[in-house]
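Asks: Quick one: structure below, then a few questions.
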Amino acid sequence: MGHESGAYTEKDLLRMIRKWVPRERVPKRVKVKDTADFFRVDYDDVVVLDSVPYFVRNNEREGRFGIDDEQKFWVKRARNLLTGDVKILKWVFRERFEARIGDLVFDCVRSPQKEARILELVSGKPAFMQGKTVLDTAGNQLRILDYIKGKTLGQVAPELGSDHEDYFQNHFPALLKEFVVLVEAIRFLHDHNEKHGDIRRDHIIRDETTGTYRWIDFDFNYRHGESRFGYDLFGLGNVLLFLTGRGDVTTYRLLREDPEAFDRLTDDDVNIVFHNRVNNLKKIYPYIPEKLNRVLMHFAVSAPVYYEETQELLDDLGEAL
Amino acid sequence: MDTQPENPVKDKHLLIAVDESDSSRRAVLYVADFLGGFPGFQISLLSIIPEPEQDFYETEAELKAWVEEKTAKANALLEHYRTILVQSGFPEEKVRFHACVGDAKSLSDAILAIRCDLTCCTVVVGRHHKTKTEEFLFGSTSNRLIHEAKNCAVWVVE
C-alpha cells in the first residue's frame with residue numbers, strides 16, 4: 001500500500017523542520033515513512049497524516065504511557081510541522097492479556113477503538129486529554145493526541161507541604177476539589193456507558209498551561225462482572241487514598257517510622273485489595289475529618305458495602321469537602 | 001350457567017438463572033429436590049450470556065463466532081438441567097429454557113427484566129463463593145438480585 005506524502009518535497013519538509021527545531025537537531029536528510037507499520041517509523045522521520053506532516057521524535061515511555069518505563073514503540077512524540085505543536089502519535093497495538101490482583105485473574109484488552117470512541121466523546125472537555133483519530137495507510141485507527149506538559153498527580157502530591165499536617169491543612173483541600181472534578185469526569189464516562197479502564201495516579205496529569213488535571217490513556221478495557229464500573233471505582237479509591245495520605249501509607253512504612261501508630265491498627269484498617277496499605281488514615285493522622293475517613297473506609301477490608309456508582313462516591317465526597 | 005375455569009389454580013412460575021458454575025448446578029438440584037413431583041409448578045431455566053464488548057474483538061465476525069459458541073454451550077447446559085428437572089418429577093411441558101445475550105447494564109438487571117416478562121413469582125440462583133476482593137471489584141449478582149428485586153421472591157442457594 002502506498003504511503004501518504006502529500007505535496008511535500010524533502011526541501012519543503014527540511015524548511016519546516018528548521019522553523020520548529022533547534023539547528024543542531026535538524027537532520028541532513030529526511031524520509032517520509034509509510035504509516036502502516038510503526039516499527040518502520042524512526043526518529044527524524046516524517047509521517048503525513050490527514051495531509052499534515054509530523055516530524056517524529058522519541059518513543060514514549062511509561063510515567064506517561066504504558067508500564068514500567070518500557071519504551072512504547074507504537075507511541076511516538078512528534079511535531080506538527082504546520083503549527084509547531086507537539087503531539088503524541090499512537091499507532092494501533094492490540095493486546096489481550098490477563099490482569100492479576102492477588103488470586104483474582106480477569107481479562108483485559110488494549111483497544112484502539114475504545115480510545116478513539118472516548119476521544120470523540122470527551123472532545124473539548126478540560127478534564128481529559130484531547131486528540132483525534134485518523135486512519136493510517138493500512139486503515140487502522142491512529143490517534144493524534146495533544147501533548148500535555150506537566151507532572152502526574154502521583155508526582156505532584158508528595159511534593160506539597162513540609163510534612164503531612166502542613167500538606168493536609170494547606171494543600172489537600174484544593175487537591176480534593178480537583179479530585180472531585182476528576183471523579184465527575186469519570187462519572188461522565190460512566191453515564192455514557194464507558195469505562196476509563198486504567199485509573200491510577202500516573203494517568204492524571206496536571207496540565208502546566210492551564211493548571212487543571214487531565215485524565216489520559218483510555219485504551220484499556222476489562223471484562224467486568226455484575227458491577228460494570230467496580231474496577232474504575234477501585235482505581236478512584238486508590239487515588240483518593242494516595243492523596244489523603246500524601247503517598248501510600250503502608251504497614252511496612254509505619255512499622256519503621258511510627259511503630260505506635262502501627263500498633264493501633266487492626267486487620268480491618270487496611271485496603272481490601274492491597275493488604276499492606278492503610279485505609280484508616282485517621283488512626284495515623286487524627287486531624288483527618290471523620291466524613292473523609294469514612295469514604296476511605298469504603299475501600300477497606302471492613303467495608304460492609306461498596307460503591308457501585310460514581311455518584312455515590314461523589315455524594316460522600318461532597319459531604320467531606 | 002355453570003362455568004368452570006379451565007385452570008382454577010395457576011401454576012407458580014419459577015425462574016432459575018444459571019451459568020456453567022457448580023453453584024448454578026446446586027440451585028437446579030435444590031429445586032429438583034425440593035419441588036420435583038409436586039403439582040402446580042412451572043420452571044423456566046435461563047442462561048444469560050453477558051453481552052461481550054466489541055473492544056475485545058477485532059472484527060464483527062470474531063464477536064459473532066464467540067456469541068454462537070457460547071449460545072450453543074448454554075443451550076446444551078440448559079437441556080441437561082431440563083432433563084434433571086423432568087427426571088425429578090416436573091412434567092415435560094412445565095419446564096422450558098431460554099438462552100440469550102444480555103444487553104442490560106448488568107446480569108441482575110437482565111434476569112429481573114426477563115422475570116418480569118415471564119411473570120415469574122420467584123427467581124432462583126446459586127451463590128458463587130466469591131472472595132471479598134472479587135465481590136468488591138466486580139460485584140455479586142445474587143447480592144444485587146436480593147437488593148433490587150421487586151414483586152418476587154429470590155432464592156439464593158448455597
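Let's see how each residue does on (1) more than 30 Å from residue A:33 (Cα to Cα); (2) within 17 Å of the chain's Cα centre (by Cα); (3) more than 14 Å from every other protein chain (Cβ to nearest Cβ); (4) not basic (Lys, Arg):
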residue: A:92; (1), (2), (3), (4): no, no, no, yes
residue: A:107; (1), (2), (3), (4): yes, no, no, yes
residue: A:110; (1), (2), (3), (4): no, yes, no, no
residue: A:115; (1), (2), (3), (4): no, yes, no, yes
residue: A:126; (1), (2), (3), (4): yes, yes, yes, yes
residue: A:156; (1), (2), (3), (4): yes, yes, yes, yes
residue: A:165; (1), (2), (3), (4): yes, no, yes, yes
residue: A:173; (1), (2), (3), (4): yes, no, yes, yes
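A quick yes/no check of all residues on (1) surrounded by fewer than 21 Cβ atoms within 10 Å (Cβ to Cβ); (2) within 18 Å of residue A:150 (Cβ to Cβ); (3) among the aliphatic types (A, V, I, L, M):
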residue: A:187; (1), (2), (3): yes, no, no
residue: A:193; (1), (2), (3): yes, no, no
residue: A:196; (1), (2), (3): no, no, no
residue: A:204; (1), (2), (3): no, yes, yes
residue: A:214; (1), (2), (3): no, yes, no
residue: A:219; (1), (2), (3): no, no, no
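Asks: Regarding the stretch A:262-270, can at least one residue be identified that is buried (at least 19 other Cβ atoms within 10 Å of the Cβ) and outside any loop (DSSP other than H, G, I, E, B)? It would help to see each step written out before you state the result.
Replies: From the stretch A:262-270, those buried (at least 19 other Cβ atoms within 10 Å of the Cβ) are A:269-270; that's our starting set.
With outside any loop (DSSP other than H, G, I, E, B) added as a condition, the list becomes A:269-270.
Yes: the stretch A:262-270 contains one or more residues that are buried (at least 19 other Cβ atoms within 10 Å of the Cβ) and outside any loop (DSSP other than H, G, I, E, B).
Asks: Restricting attention to the stretch A:249-261, report how many residues are hydroxyl-bearing (Ser, Thr, Tyr) and either in contact with a strand residue (DSSP E or B) (Cβ under 9 Å, 6 or more places away or on another chain) or in a loop (DSSP other than H, G, I, E, B) (or both).
Replies: Pass one, the stretch A:249-261, residues hydroxyl-bearing (Ser, Thr, Tyr): A:250-252.
Keeping just the survivors that are either in contact with a strand residue (DSSP E or B) (Cβ under 9 Å, 6 or more places away or on another chain) or in a loop (DSSP other than H, G, I, E, B) (or both) gives A:250-251.
Number of matching residues: 2.
Asks: Ok, one more. Picking from B:88, B:142, which residue would you name as being of a type in the set (S, T, N, Q) and within 14 Å of chain A (Cβ to nearest Cβ)?
Replies: Values: B:88 fails: within 14 Å of chain A (Cβ to nearest Cβ).
The conditions single out B:142.
Asks: Still on this structure, I have one more. Considering each residue of the stretch A:219-248, count those that are away from chain B (no Cβ under 14 Å) and not in a helix (DSSP H, G or I), and give that number.
Replies: Number of matching residues: 3.
Asks: I need a count of the residues in the stretch B:15-52 that are within 14 Å of another protein chain (Cβ to nearest Cβ), free of Cβ contacts under 8 Å to residues at least 60 places away in the same chain and buried (at least 18 other Cβ atoms within 10 Å of the Cβ).
Replies: The qualifying residues number 3.
Asks: Moving on to the next point. Is there a residue in the stretch A:53-68 that is in a loop (DSSP other than H, G, I, E, B) and either farther than 27 Å from residue A:222 by Cβ or within 14 Å of chain B (Cβ to nearest Cβ) (or both)? Steps first, answer last, please.
Replies: Going residue by residue through the stretch A:53-68, those that are in a loop (DSSP other than H, G, I, E, B) are A:62-68.
With the extra rule that they be either farther than 27 Å from residue A:222 by Cβ or within 14 Å of chain B (Cβ to nearest Cβ) (or both), the set shrinks to none.
No, every residue in the stretch A:53-68 fails to be in a loop (DSSP other than H, G, I, E, B) and either farther than 27 Å from residue A:222 by Cβ or within 14 Å of chain B (Cβ to nearest Cβ) (or both).
Asks: Continuing with this model, one more query. Suppose we keep only residues that are within 17 Å of residue B:153 (Cα to Cα) and more than 14 Å from chain A (Cβ to nearest Cβ) within the stretch B:93-117. Which one would you say is surrounded by the most Cβ atoms within 10 Å (Cβ to Cβ)?
Replies: The extreme case among them is B:115.
Asks: Only one of (1) in contact (Cβ under 8 Å) with a residue 60 or more places away in the chain; (2) under 30 Å from residue B:50 (Cβ atoms); (3) more than 14 Å from every other protein chain (Cβ to nearest Cβ) fails for residue A:315. Which number is that?
Replies: The single condition residue A:315 does not satisfy is (1).
Asks: With respect to residue A:139, is the statement that it is assigned to a loop (DSSP other than H, G, I, E, B), more than 12 Å from every other protein chain (Cβ to nearest Cβ) and modelled with pLDDT of 95 or more true?
Replies: No.
Asks: Hey, can you tell me all the residues within the stretch A:116-150 that are within 15 Å of residue A:182 (Cβ to Cβ) and of a type in the set (D, E, K, R)?
Replies: Within the stretch A:116-150, A:125 is the sole residue that qualifies.
Asks: Something else about it: Quick one: how many residues across the stretch A:120-137 are small (Gly, Ala, Ser) and more than 18 Å from residue A:204 (Cβ to Cβ)?
Replies: The qualifying residues number 2.
Asks: Right, something else. When you look at residue A:181, is it closer than 27 Å to residue A:308 by Cβ and not assigned by TED's automatic domain parsing to the domain that holds residue A:37, yes or no? Lay out the reasoning, then the answer.
Replies: Working: closer than 27 Å to residue A:308 by Cβ: yes; not assigned by TED's automatic domain parsing to the domain that holds residue A:37: yes.
Here the answer is yes, as residue A:181 does meet what is asked.
Asks: Just name the residue that is farthest from residue A:219 (Cα to Cα) out of those in the stretch B:41-81 that are of a type in the set (Gly, Ala, Ser) and modelled with pLDDT under 95. Let's see the steps before the verdict.
Replies: Step one: of the stretch B:41-81, the residues of a type in the set (Gly, Ala, Ser) are B:44, B:47, B:61, B:65, B:72, B:74, B:76.
Next, from what is left, pick out any that are modelled with pLDDT under 95: B:61, B:65.
Working: B:61: 22, B:65: 24 Å.
Per the criteria, the residue is B:65.
Asks: Further question on the same structure: Is it the case that some residue within the stretch B:126-133 is under 12 Å from the mean Cα position of the chain (by Cα), in contact (Cβ under 8 Å) with a residue 12 or more places away in the chain, closer than 14 Å to residue B:17 by Cβ and away from every other protein chain (no Cβ under 12 Å)?
Replies: The initial filter retains those residues of the stretch B:126-133 that are under 12 Å from the mean Cα position of the chain (by Cα), namely B:126.
Cutting the leftovers down to in contact (Cβ under 8 Å) with a residue 12 or more places away in the chain gives us B:126.
Filter again for closer than 14 Å to residue B:17 by Cβ, leaving B:126.
Okay, now just the ones that are also away from every other protein chain (no Cβ under 12 Å), so B:126.
There is at least one residue in the stretch B:126-133 that is under 12 Å from the mean Cα position of the chain (by Cα), in contact (Cβ under 8 Å) with a residue 12 or more places away in the chain, closer than 14 Å to residue B:17 by Cβ and away from every other protein chain (no Cβ under 12 Å).
Asks: Give the residues of the stretch A:273-299 that are modelled with pLDDT of 95 or more and facing chain B (nearest Cβ under 10 Å), sorted by residue number.
Replies: Within the stretch A:273-299, A:298, A:299 meet the criteria.
Asks: Inside the stretch A:79-124, can you point out the residues that are surrounded by fewer than 18 Cβ atoms within 10 Å (Cβ to Cβ), closer than 13 Å to residue A:198 by Cβ and either among the charged types (D, E, K, R) or assigned by TED's automatic domain parsing to the domain that holds residue A:191 (or both)?
Replies: If the condition is that a residue be surrounded by fewer than 18 Cβ atoms within 10 Å (Cβ to Cβ), closer than 13 Å to residue A:198 by Cβ and either among the charged types (D, E, K, R) or assigned by TED's automatic domain parsing to the domain that holds residue A:191 (or both), then A:95 is the only one that fits.
Asks: Here's a follow-up. So which residues in the stretch A:203-218 are under 24 Å from residue B:133 (Cα atoms) and modelled with pLDDT under 95, if there are any at all?
Replies: Those that are under 24 Å from residue B:133 (Cα atoms) and modelled with pLDDT under 95: none in the stretch A:203-218.
Quick grid of which residues meet (1) touching a residue at least 12 places away in the same chain (Cβ under 8 Å); (2) part of a helix (DSSP H, G or I); (3) in the same structural domain as residue A:293 (by TED's automatic domain parsing); (4) among the charged types (D, E, K, R):
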residue: A:174; (1), (2), (3), (4): no, yes, yes, no
residue: A:187; (1), (2), (3), (4): yes, yes, yes, yes
residue: A:195; (1), (2), (3), (4): yes, no, yes, yes
residue: A:205; (1), (2), (3), (4): yes, no, yes, no
residue: A:217; (1), (2), (3), (4): yes, no, yes, yes
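The values are calculated or read from the model by the stated rules, or taken from the named source; none is laboratory data. Here the structure is a predicted model, which means the values were calculated and not measured. All Cβ positions, glycine included, derive from the backbone under ideal geometry; neighbour counts span all protein chains shown.
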